[in-house]
Amino acid sequence: MKLSEAIKRLAVNAVDAASPIDLLIGEVTAVSPLSIRLNENHKLTIPEELLIWPKRLNKGEEDGLKRGDSIMVLAMAGGQSFYIIDKL
C-alpha cells in the first residue's frame, strides 16, 4: 500500500469514527426562559439561546414542556446547539 493511500484510509476512518451528534437524555429545569440539564452532567445548565425545539413543545401548547419533564436531546458537534426531539 502506498503512503498516500494509507494516509487517506486513516483520514476516512477518523472521520467515520467521530459522530457529529450525540443522543442524550435531559431534564427541563426552567420554562421561561427555557433551560435544560443533561443527565450526564448535572452541573451544566444549557440556556435557551443554545436550544432548538419543535413548536408543539412550546409553553402553552398541549404537549408543552414543563419543569421536570424528561427529554431526549441531540447534541451537535462542538456543543453549541442542542435539539430537543421529544419528551420521554
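Values quoted throughout were computed directly from the atomic coordinates according to the rules given, and no laboratory measurement underlies them. Because the structure is a prediction, the values reported are computed rather than measured. Don't worry about glycine lacking a Cβ; one is built from the backbone with ideal geometry, like all the others, and counts go over all protein chains shown.
What to note about this one:
- Estimated 222 nm signal from helices in the chain, with DSSP H stretches of n ≥ 4 weighted -39500 (n - 2.57), rounded to 500: -5500 deg cm²/dmol
- Exposure proxy order (Cβ contacts within 10 Å, fewest to most) of Lys2, Lys8: Lys2, Lys8
- Net charge of neighbours whose Cβ lies under 11 Å from the Cβ of Gly26, counting Lys and Arg as +1 and Asp and Glu as -1: -1
- Annotation: amide H of Asp86 within the under-5 Å range of Met72, sequence separation 5 or more or interchain, hydrogens built in the peptide plane.
- Segment Leu23-Glu49, length gained on full extension (0.36 nm per residue, minus Cα span): 7.4 nm
- Angle in degrees between helix 3-17 and the longest Cα principal axis of the chain, rounded to the nearest 10: 10 degrees
- The count of lysine pairs in region 20-87 that are at least 8 places apart or cross chains, and whose C-alpha atoms lie under 19 Å apart, stands at 4.
- Within the chain, the GluC sites (Glu not before Pro) that combine a DSSP coil assignment with at most 16 other C-beta atoms in a 10 angstrom radius are Glu40, Glu61, Glu62.
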